[in-house]
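A.B. asks: One structure coming up, written as structure tokens, with questions to follow.
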Amino acid sequence: MPKGSDLLVRALENEGVDRVFGIPGEENLDVVESLRNSSIELVLTRHEQAAAFMAATHGRLTGKPGVCISTLGPGALNFSTGAAYAHLGAMPMIILTGQKGILSSRQARFQIVDVIGSMKPITKAARQIVSAASIPTIVRDAFRVAMEERPGPVLLELPEDIAAEEADVPLVPSHPIEIPVAHPQAIERAAEMIMAAERPLIMLGAAASRPRSTLDLGGFVLRTRIPFFTTQMGKGTVAGGSNLYMGTAALSERDYVHEAIDQADLIIAIGHDTVEKPPFLMARHGGPKVIHVSYTPATVEEVYHPDQEVVGDLGRTLKVLADSLEGRLPNASALLPLRERILARLADRAEEARFPPTPQRIVHDVRSVIPEDGIVCLDNGMYKIWFARNYRTTKANTLLLDNALATMGAGLPSAMMAALLNPTKRVLAVCGDGGFMMNSQELETAIRLKLNLVVLILDDSAYGMIRWKQAVDRFADYGMTFGNPDFVTYAEAYGATGHRVGSVEDFAPTLDAAFAAGGVHLVAVPIDYSENIRVLVDELREKVGEPAAV
């Protein structure tokens, strides 16, 4: 008769799970044995946080939950940042944690903390399994909850005595759940507003990047011919070639793309999620009208309070809306004349030859060696703003960044998951030296998995974004600098290949050669962040008379 752990693993197989990431403990040993006898690969990481980032990224890229596993207490609590990353970023994920036996207490309170209670605020659901016979239904429900809109993490705690308990119950079959099209009256009202607009503009947000969303978004944009901009997490959702892209809102206001936003009289916000740092700030009086089109109703905020909502399946809803609009929008391209000037300003100094290179040059050279379907995964730092503004994407989910929790330490594990899922594509992790060192031990995991992965380290020996903000706010330069290891030697200690870029001319060729060689490579390059002040403060202040909001 199968044990609870066998039922758990069979239920995971039933959901199509092929890998589980994490670090088990003694409370998971029954589960480990069940995994050993299954089709599922147990991928050991060097820290639970990295396992959670990898599982979340699996959910982001596939639409199906990634799965991570840890023991009780300290191991489970190490999942908290990854759970929040998935929760705010709307990434489906299943978290499996162990626990001491609940039918007897032979170790008293040793290592026991209330993991369920601690995780409830940062998961969609957190549940302890108290009966082996209930496991198939609980797992099926966990996957359903994790995937339904709005997606996110679900935690299941399996005590060791329940994992060892025998039960003979069948698995629960899964079935597709379709999201309905928005109500016809909501679509009709939105169509009337769009047809009446004199300067309409589309914004593509985080939910537009869902794997289920992206095919029909391009059709809506091309059929309406309304220019569009994206949020940071909405980049790439419409394929290239439309000549309607106006830029990405990497700041909240007063950037060059905001010339179009400020002149618009209607913004069609498709898939916007207010967990993202605001891409624009709605005024209470005046300013453009906003139509919220998404899977879920709008979250009303001080800076986001739409005038109309269209709630339903994005793809099919936008198709119906486009049927009402196609050929009936004489003002569709009213803002398009601004496009050339906006994009030209973003390309300024992109090929400047100074060394250390500027952020603009780094973005330019990375783009030159990454094909359209290559994937760039960003950690969190000042460079994220530059990649959001300057890195052009033509495919969804080819620039992975976190503009929701915006945690450091996720860049390398996220890129490792992308490389696992896309072994033939070029995958680049871009990390500041601070964020990289938070999970740098996962280089060993990447090498053990025989990944093809290039890790780019932007070396300024500081927590650069906070140091920049410290300077902008006119505080003293204090508490933000540190020393670094020799990154080439550090990479080689793990068995990776290390490179240090010594001139701007060598940067792109070094990246290209690393990709061509295969395996895990680390490329360290110093960066000149003086452009942060020149462009993001002085230039934008001069443009509008006051500093930009970040």
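A.B. asks: Taking Cα atoms, how many degrees apart are the long axis of helix 48-62 and the longest axis of the chain, rounded to 10 and kept between 0 and 90?
C.D. replies: Tilt relative to the chain: about 60 degrees.
A.B. asks: On C-alpha positions alone, give me the angle between the axis of helix 80-89 and the longest principal axis of the chain, in degrees, nearest 10.
C.D. replies: Approximately 40 degrees, to the nearest 10.
A.B. asks: Post the alpha-carbon centroid distance, region 444-466 to region 229-303, in whole angstrom.
C.D. replies: Rounded to whole Å, the Cα centres lie 31 Å apart.
A.B. asks: How much length would be gained if the chain were fully extended between Asn484 and Asn14, taking 0.36 nm per residue of separation minus their Cα-Cα distance, in nm to one decimal?
C.D. replies: That pair, Asn484 and Asn14, stretches by 164.6 nm at full extension.
A.B. asks: Given Cβ point charges of +1 (Lys, Arg) and -1 (Asp, Glu) and nothing else, what value in debye, to the nearest 20, does the dipole of region 346-544 about its Cα centre take?
C.D. replies: Computed charge dipole of region 346-544: roughly 480 debye.
A.B. asks: Per DSSP H run of at least 4 residues, take -39500 (n - 2.57); add these up for the chain, divide by its residues and hand me the 222 nm value, nearest 500 deg cm²/dmol.
C.D. replies: Computed ellipticity for the chain at 222 nm equals -10500 deg cm²/dmol.
A.B. asks: If you project the alpha carbons of region 416-550 onto their three principal axes, what span does each projection cover, largest first, in Å?
C.D. replies: 51, 29, 29 Å, listed from the longest principal axis down.
A.B. asks: Which Rg and Dmax, in Å, describe the Cα atoms of region 4-164?
C.D. replies: Using the Cα atoms of region 4-164, the pair Rg, Dmax is 13.9, 43 Å.
A.B. asks: With a ≥ b ≥ c the root eigenvalues of the C-alpha gyration tensor of region 184-335, is it rounded (a/c under 1.5), prolate (a/b larger than b/c) or oblate?
C.D. replies: In terms of gyration-tensor shape, rounded.
A.B. asks: Set the Förster distance to 30 Å, then compute FRET efficiency between Met1 and Ser105 from the Cβ-Cβ distance, nearest 0.05.
C.D. replies: 0.70
A.B. asks: To the nearest 10 degrees, how steeply does helix 135-147 sit against the main Cα axis of the chain, on a 0 to 90 scale?
C.D. replies: Here the helix axis deviates by roughly 10 degrees.
A.B. asks: Just subtract the alpha-carbon distance of Thr274 and Glu166 from 0.36 nm times their residue separation and send over the number in nm, one decimal.
C.D. replies: Gain in length upon complete extension: 34.3 nm.
A.B. asks: For the chain, which span is the longest to avoid every loop-located (per DSSP) member of chymotrypsin sites (Phe, Trp or Tyr not before Pro) having at most 14 other Cβ atoms inside 10 Å?
C.D. replies: Answer from the scan: 111-474.
A.B. asks: Taking the Cα of Ile466, stepping 7 Å toward and past its beta carbon, and measuring to each backbone N in region 426-445: which are under 19 Å?
C.D. replies: So the set is 431-440.
A.B. asks: Still on this structure, please answer the following. In region 305-369, which trypsin sites (Lys or Arg not before Pro) fall in coil by DSSP and have 16 or fewer other Cβ atoms within 10 Å?
C.D. replies: Here the trypsin sites (Lys or Arg not before Pro) that fit, given the DSSP loop and packing criteria, are Arg328, Arg349, Arg354.
A.B. asks: Moving to a separate point now. When only DSSP loop residues count, what GluC sites (Glu not before Pro) in region 154-211 have their Cβ near at most 16 other Cβ atoms within 10 Å?
C.D. replies: Counting only loop positions with at most 16 other Cβ atoms within 10 Å, the GluC sites (Glu not before Pro) in region 154-211 are Glu178, Glu198.
A.B. asks: Starting from the Cα-Cα distance between Arg46 and Ser174, subtract it from 0.36 nm times their residue separation and give me the gain in nm to one decimal.
C.D. replies: Separation in residues times 0.36 nm, less the Cα-Cα distance, equals 42.8 nm.
A.B. asks: Sticking with this one: Please say if region 287-338 is rounded, prolate or oblate, where rounded means a/c under 1.5 for a ≥ b ≥ c the square roots of the C-alpha gyration tensor eigenvalues, and otherwise the choice is prolate for a/b larger than b/c and oblate otherwise?
C.D. replies: It is oblate, given that a/c is not under 1.5 and a/b is not larger than b/c.
A.B. asks: Between region 363-390 and region 33-76, what is the C-alpha centre distance in whole Å?
C.D. replies: Distance between centres, Cα-based: 27 Å.
A.B. asks: Bins of 5 Å, beginning at zero and ending with the bin holding the largest distance: percent of Cα pairs per bin for region 199-238, please.
C.D. replies: P(r) for region 199-238, in whole percents per bin: 6, 27, 36, 23, 8, 1.
A.B. asks: Moving to a separate point now. May I have the count of lysine pairs in region 346-544 with C-alpha atoms under 23 Å apart, counting pairs 8 or more residues apart or located on different chains?
C.D. replies: Lysine pairs meeting the criterion: 7.
A.B. asks: Are there any trypsin sites (Lys or Arg not before Pro) in region 399-504 that are in a DSSP loop and have at most 14 other Cβ atoms within 10 Å? List them by number.
C.D. replies: Lys450, Arg474
A.B. asks: Something else now. Tell me the label-point distance for the pair Thr394, Glu505, using the 7 Å Cα-to-Cβ offset, in nm and rounded to one decimal.
C.D. replies: 3.0
A.B. asks: Let me ask something additional. With Cα extents along the principal axes in Å defined as stated, name the option among (i) 91, 69, 53; (ii) 70, 61, 44; (iii) 61, 51, 45 computed from the structure displayed.
C.D. replies: Computing Cα extents along the principal axes in Å and matching it to (i) 91, 69, 53; (ii) 70, 61, 44; (iii) 61, 51, 45 gives (ii).
A.B. asks: Give me the base-10 log of I(q)/I(0) for region 97-150 at each q in 0.24 Å⁻¹, Debye formula, one uniform scatterer per Cα, rounded to two decimals.
C.D. replies: Here log10 of I(q) over I(0) equals -1.08.
Laboratory data are not the source of any read-out in this text; all were calculated from the coordinates shown. From a predicted model like this one, the values you see are computed outputs, not experimental measurements. Positions of Cβ are backbone-derived with ideal geometry, glycine not excepted, and every protein chain shown enters the neighbour counts.
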